[in-house]
Amino acid sequence: MDISEYSGKKSPLYNFNHIFELSGHKAYRIPKIKDYLRDKGFLMPVRMNSLWLLEDMLQVFNDEDPWLIYSMWSGYAEKRGKNAIENVLSIRKLFENRILDGVEYRFHTSGHADVDTLYEVCKAVRPSIGVIPIHKDTGMQYVSDNYRVFNEGKFKLDGIDIEVH
């Protein structure tokens, strides 16, 4: 896939025609594959349970400092936070200060829209009663001049009791 068709940018950085899957245990250690990846560079999606894989790959590909693009909710990465996930913290620790954080740099991709995107959606949809935001970051307040935003409190709408925390 060449994403430049959709982005309007013609750059080799948007070309994903060379996607391949490494199959087999530690296939990245095979000299031909290792040399190819080292020469071309690579982007690799990882899951929270991939700590062992990342640790091993960092031993193999140790000629440059790697970067982590973290695009999940920030609450999973808060040290001593009530929603912190140990594997997320451990993976982030491997990359120290080489982390591009999706929430901070505005490419959060876990399926929840950011405030600006929600604002644009609400402008297009024009809700008649209002909006109840869910999955928002602590302290985040949604605002609008065009419709009511129920950020917190108790409300009664059309005979329905609503409580937002």
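The values are calculated or read from the model by the stated rules, or taken from the named source; none is laboratory data. Here the structure is a predicted model, which is why all the values come from computation and not from measurement. Counting neighbours? That spans all protein chains shown, and the Cβs are built from the backbone with ideal geometry, glycine included. Just so you know, the surface numbers come from the protein's heavy atoms only, side chains and all, with ligands and any DNA or RNA stripped out. Shrake-Rupley method; radii C 1.70, N 1.55, O 1.52, S 1.80 Å.
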Worksheet item: How much accessible area per residue does region 19-72 have, in Å², with a 1.4 Å probe?
Response: 78 Å²
Fill in: Label point 7 Å beyond Cα of Lys26 along Cβ direction - residues of region 57-84 with amide nitrogen under 14 Å
57-61
Item to complete: Provide the packing ranking of 89-99, 56-66, i.e. peptides ordered by the mean count of other C-beta atoms within 10 Å per residue, highest first.
Response: 89-99, 56-66
Practice prompt. Multiply the residue separation of Asn83 and Leu100 by 0.36 nm, subtract the distance between their alpha-carbon atoms, and state the gained length in nm to one decimal.
Written response: 4.1 nm
Worksheet item: Label points 7 Å out from Cα along the Cβ direction at Lys40 and Ser74: separation in nm?
Response: 3.6 nm
Worksheet entry | Computed E for Leu53/Thr117 - FRET, C-beta separation, R0 35 angstrom, nearest 0.05 | 0.65
